[in-house]
Structures are given as structure tokens and as C-alpha cells.
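The values are calculated or read from the model by the stated rules, or taken from the named source; none is laboratory data. As the structure is a computational prediction, the values presented were derived from the model and not from experiment. Cβ coordinates were reconstructed from backbone atoms using ideal geometry, including for glycine residues, and neighbour counts include every protein chain displayed.
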């Protein structure tokens, strides 16, 4: 009963508002119709001023016709003063003897456009037939009678109607030309004046101003309605011509927009109070049902991501393997998730897991099963023929092409993927999942953010990888790694200004590995922080060998993200007595791209301790100038890819190098070019304004003792250069 009354009240208010709006639109439509009728009256009143005139009768009876007079007194007068579009004069035989259309040289040719309507109107005016068309205004007949009386018994007559012409409404009028006094007589039948008033934009503006409808406009009948007020313009024959549209006044809007919503809100509040009462009665039973559903959900789904867990995924995998269809399985692992979780906190770590789950779900249709096994481990499976193995892996990678917003910090997330297919890589779930794990391990070993498809040779690769990882651990625990040092020469003074510490595998080991081989393994195995700590400690101690030189040390992103880096630096400074002002830490652009607030705090903390900072490999990454604005750097290092192998002689590479040098100079940052191997490269860099150079031209990286010997020899050579060799060129450049 209450609901029925509420709905009845809402309906009554709505109908009242709608009815008021409908009546308002109807009244405005009638006003537009009246304006058209008044336009016909105004058109005839204008014609009357020249048709009921002795001078007009005289000029038309004289021969030849005075066209200049007719243009000035009739054609121009009616078109300019009363807005008529065209004027014609017909002789007693209804033949056109005069025509005027503003700007139209072919005046008479336009009359033919109105032939059928004109013949009927002329017949009415001549008295040959009754006017069977619609009379738009009751004042027409009184005007007609009054005009006939004023013509002093002559055969005066007139008529006007709305006709269609070229898809537009036109007021077509026909009127006899008779004298205004008895001083002039008409010989035979009177001449007729015919006018056309095209209801165009200017006429509509006049209607709009008088009716207070500012946006009144004309549109074709075929155009879709866009405004609420509409009026179909029809000819006096009843034929639709065009449509007028405008924004209708809606007096019922107050009811519909204010009273009705308020009534609805009050009704809803009352209804909600009733529902709350009913809801409380159902709380106990619903709570029991929810707990039962939650228990069932937790059995098969991960509560954080709402994805299927390992148990449900294994069931679905067994079911898929029982069918004859091929099944594709992918294991995924987030790169550096532990670092993100430790540096940003577990709350944002959980948020990252939810974002990853959502992106994986949104990247595939429902036929692809997405599950979370725990931590940062995800699994996907499908048996669709249309989704190839390569595209499957590519879609997973593409889901993380855009950075992830973690607490307002855009963070790039890499994901490693290992893929297997059944029955090619295994016929049961155990084999498939083991091989998928191997493929995932291989993907992470290849550099992270990679996708690896399983093949039988991967097992051997993993054994090799495990063996190398064990050797790295052994070398680290026994401190057998070596630090070699390469000189950096100031091209302006021709003096050695610093040394870069470079990590090398023990030279006496029978199975050596290059840094490109063992450093990625150390990073993926979680050994980089420990190895980096050893590098810092050893480089600090070695810096005491060269008290006048600065030592450059590369910092891994994993080291900077470690929470205790600043404590390590403070501890090693106290233990070695190294001068932080002569230590420069080099970082890469990739670290800045993925920097968090903690990373930025660490970088600022390093500078606050007195260390210098350099940006390594500038130009190979994102090279954003915003890095140079947010962080203070003492040096920019141009990557060797712009220098060696003749690249510096290419105009494009030289221009890029010059641009980096100019940026550094403008910001007061010294620029170092690495990879310099030839004299010509040093000459070009000097010409471009580079500050320092580093490369095989002045020596390779050597152990500390040999580096000291080489430094002494190089310093002597630079001080007193021989006749030939690279040093004279450097001396020449410094002069």
C-alpha cells in the first residue's frame, strides 16, 4: 500500500510537469505559425506601397520602359527596404516585362521556378477563379476589400501564399498595379507585380527576436531532430517544405528537476528505513550463508588476488590433460618483487599482486585459466588452438608494458615467463609443472622480463647455471674476486684525474668468466648486494694508493634499494679512512626511471655523506633531463656505443655527443667519454668540448699494483711525451 501511494505521487508529479512542458511547446509552435502568417501580411503591405501609385502606372504605360526608374523605385526599394528576394512585373497579357533580383543577372529566368503556383495566383488576382488555398490570416479579406475600395472602382486585387522552392519556404505574392488617384486611368487590364520573399536566415532572425526564441533555425525535413521545439513548415497547398527547430521553454522543469527528485529522495529514505528493519531480521541467516561461501572460496581461491589457487589450478590442469586437446601452461614470476616488497612495504606489495592479477585476467578471455600459487608466482593455462605459444607469451609480457601505480609512484614491473605444452613437454601435471619451472628459471637467467619456451636442453643449461652460481659463491666467500682500475684522463690538462674500479674474475682461475657472464648470475641469485659491499670496501682501501685521484665505483640498483646501504658506506669509511670527496658512485638511468621515494632518499643520503655522483651510460636509456633537475650529478658518462667503431665520425652520433656535452656544460657537470681507443676519437672529443676520456687509448683496467706502475709511466709520458704515440696527441689537444 505504501509503495503504491509513493509510486502514485511520483507519477502525478511527473505527469503534471510533462503536461506543462507539452502545453508550452504547443503555444510556442502556434507563435511560430502566427509569425509566418504575419510575414505574408508584411510582404503584401510592402508591395502595396509601390503597386497602389500613379507614378508606377504612368511609367508602365510609357514606352520604352524606364528600367532605371523601375530598378530604383520598385526593385531596389522592395528588396532593400522590405527584404523581398525577387520582383517581377507582368503586362496585361501576363508576360514578364521587368525583373529584379539582387546580384542576379538572369532575372527573368527565375520566374519559371514558380510557374505552377504563379499561374494559379495570377488567375485568382485576374478574377478567373476562387482562391482555393489556405487563407493564413483573417485580416487578408478585410485588407483585400479595403484595397479594392481605395482603387476607386478599378480592378484592383491581390493575393499571397507560402510556396515551396528549392526545399525552402517562399512567400509568393501577386498584386494589380492601379493608380492611387483619379488623375490616372488604366488602359485595358492592369499590370501585375509579382514578388518572392525567401524565408532565409535573416527572416528567421527577425522571427527569433520578436518571439524571444534565440536559437530558432531551419533544417531539412530529412535531418534528425536535435531540439525539443519543432514546427513543420508547409506550403498553402499543404505540402511539407522544411522544419524549424528551437529549444522549447519548459515551465514544468521545476516539477521534474526539483520537486520530483525531492519527493523521490523522501520516498527512498522511508523505503530504506523499512528495508533496514527487514535486513536486520535476515542478518543471522545471511551471515551463516556468507561464512559457508567464504570457506568454500578459500578452499579453491587465493584471498588476496581472488584467482584460483594451486589446488584448483591443478584440478583444472588434470581435467585439461584428460582431453585430446593440446594444453599450454605458463609459469610467471615478478622480477625483483622481494626488493619492491622490502623497500615499499608489504601493503604496497599486496597492492602490486592485485594489480598483476587484474592485468593478467584482463589480457585473456575466460577460456584462459589464471591462478596464483603464492608470493609473486602466477600460472596460466589454456587449450585453445587459436592462441599460439608465442602469442601467449607475448600477451603476458604486453600486460606489463605500462608502469604500475604504487601509492602514487609509477613503477615498471618486469615479469619472467616459462612456457610448456602438452603432450610435447610432458603428459602429466607433475612433468609439465616441473618443466615450466625450468623454463621460468631460464627466462630469469636470460636477463629477466623474458619469455622462455621449454626445450630439453634447458635442463643442461640449468645445471651449468647452478655450477656457475656455486663458483661465484665460492669466490665471494674466499674473497678471490679482483678489482682492476682503468685511468681516466683530463683532456684539458693532459693529466690522469681518476680511476674506475672494475670487477674481474680471478686471473689465476683455470675457468674464467667475464663480468657480462657472472654479474647477471650474481644479481638473479641475490648475491649482488653482498658482492657490491665487497667492491666498496676494497675500492675504499685501494683509493689510499692514489691520494690525488678520484675513484669511480659502479653501484648496482639492487645495492641502492638495499635498506642498509648508507650504514655500509659509513662503516667502510671508518674502517679504511677513505676520503668520500674522492669517491664517485656511478648509477644508471634505469634506476632513476624506477626510483621510489626510498631510492631518492638513499641517493640524497649518499651526497650528504660527501660522496660524488655520476650518471653512467647517459644516452643509452631514457635520457630524461628531469633526472638532471631532480638529482645533482657531478659527472655524465657518455656510453662507448657513441664513441667506438667509428661512430664518432658519423654526423648523427657526433651531434648527439655534442648535445650531451652542451647539456653538461650548461649545468656545470663534467662529461666523460668512455670507450676511446683511437687518437682520432680523442681529437674529435676535444673539439666537441668533452672534459675527460677513458679507454684503451691510455690503458686497460689493471690490478692495483700494475695500475700504479702504469699510472706512473703514463704520467711520465704525459709530462715528457716521446716523438710518437698517443700521448703527443693528447699534449697537443691540451695546448
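Condition check ((1) part of a helix (DSSP H, G or I); (2) farther than 23 Å from residue 586 by Cα; (3) assigned by TED's automatic domain parsing to the domain that holds residue 586; (4) out of contact with any strand residue (DSSP E or B) (no Cβ under 8 Å at 6 or more places or on another chain)) across all residues:
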| site | (1), (2), (3), (4) |
| --- | --- |
| 633 | no, no, yes, no |
| 636 | no, no, yes, no |
| 644 | no, no, yes, yes |
| 682 | yes, no, yes, no |
| 690 | no, no, yes, no |
| 697 | yes, no, yes, yes |
| 700 | no, no, yes, no |
| 711 | yes, no, yes, no |
| 714 | yes, yes, yes, no |
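Filtered by the rule that a residue be touching a residue at least 60 places away in the same chain (Cβ under 8 Å) and surrounded by 19 or more Cβ atoms within 10 Å (Cβ to Cβ), the stretch 340-372 gives 340, 343, 344, 352, 369, 370, 371, 372. Of the set (1) assigned to a strand (DSSP E or B); (2) modelled with pLDDT under 90, all apply to residue 109 but (1).
In this structure, residue 652 does not satisfy being part of a helix (DSSP H, G or I), modelled with pLDDT of 85 or more and in contact with a strand residue (DSSP E or B) (Cβ under 8 Å, 6 or more places away or on another chain). With respect to (1) more than 25 Å from the chain's Cα centre (by Cα); (2) crowded, with 19+ Cβ neighbours inside 10 Å, the lone exception for residue 391 is condition (2). Among the residues of the stretch 231-246, those that are within 17 Å of residue 164 (Cβ to Cβ) and surrounded by 15 or more Cβ atoms within 10 Å (Cβ to Cβ) comprise 231, 233, 234, 235, 236, 237, 241, 242, 243, 244. With respect to the conditions (1) assigned by TED's automatic domain parsing to the domain that holds residue 565; (2) in contact with a helix residue (DSSP H, G or I) (Cβ under 7 Å, 6 or more places away or on another chain), residue 462 falls short on a single one, namely (1). Can you find even one residue in the stretch 179-198 that is under 53 Å from the mean Cα position of the chain (by Cα), closer than 25 Å to residue 82 by Cα and modelled with pLDDT under 80? Within the stretch 179-198 (the criterion being under 53 Å from the mean Cα position of the chain (by Cα), closer than 25 Å to residue 82 by Cα and modelled with pLDDT under 80), the answer is no, since none of the residues qualifies.
With respect to residue 396, is the statement that it is touching a helix residue (DSSP H, G or I) at 6+ places or on another chain (Cβ under 6 Å) and outside any loop (DSSP other than H, G, I, E, B) true? In short, no. Taken over the stretch 399-412, the criterion of being surrounded by 17 or more Cβ atoms within 10 Å (Cβ to Cβ) and either within 20 Å of residue 440 (Cα to Cα) or out of contact with any helix residue (DSSP H, G or I) (no Cβ under 9 Å at 6 or more places or on another chain) (or both) is satisfied by 399, 400. There is at least one residue in the stretch 71-85 that is in the same structural domain as residue 196 (by TED's automatic domain parsing), at positive phi and modelled with pLDDT of 85 or more.
In the stretch 181-230, which residues are surrounded by fewer than 16 Cβ atoms within 10 Å (Cβ to Cβ), in contact (Cβ under 8 Å) with a residue 40 or more places away in the chain and not in a loop (DSSP other than H, G, I, E, B)? Residues satisfying the conditions are 202, 210, 211. Residues in the stretch 670-680 that are farther than 15 Å from residue 492 by Cα and surrounded by 20 or more Cβ atoms within 10 Å (Cβ to Cβ): 674, 675, 676.
The set of residues in the stretch 231-243 that are assigned to a strand (DSSP E or B) and out of contact with any helix residue (DSSP H, G or I) (no Cβ under 8 Å at 6 or more places or on another chain) comprises 232, 234, 240, 241, 242, 243. Restricting attention to the stretch 599-640, the residues being surrounded by fewer than 16 Cβ atoms within 10 Å (Cβ to Cβ) and either at pLDDT below 85 or within 26 Å of residue 406 (Cα to Cα) (or both) number 12.
Of 516, 470, 522, all but one fail to be more than 30 Å from residue 682 (Cβ to Cβ), assigned to a helix (DSSP H, G or I) and either under 44 Å from the mean Cα position of the chain (by Cα) or modelled with pLDDT of 90 or more (or both); the exception is 522. For the stretch 422-465, filtered to residues that are crowded, with 20+ Cβ neighbours inside 10 Å and not in a helix (DSSP H, G or I), the residue that is modelled with the lowest pLDDT is 426.
When you look at residue 488, is it part of a strand (DSSP E or B), assigned by TED's automatic domain parsing to the domain that holds residue 551, buried (at least 16 other Cβ atoms within 10 Å of the Cβ) and in contact (Cβ under 8 Å) with a residue 40 or more places away in the chain, yes or no? It is true that residue 488 is part of a strand (DSSP E or B), assigned by TED's automatic domain parsing to the domain that holds residue 551, buried (at least 16 other Cβ atoms within 10 Å of the Cβ) and in contact (Cβ under 8 Å) with a residue 40 or more places away in the chain. Residues in the stretch 244-263 that are at pLDDT 75 or above and either in contact with a helix residue (DSSP H, G or I) (Cβ under 8 Å, 6 or more places away or on another chain) or within 23 Å of residue 217 (Cα to Cα) (or both): 244, 245, 246, 247.
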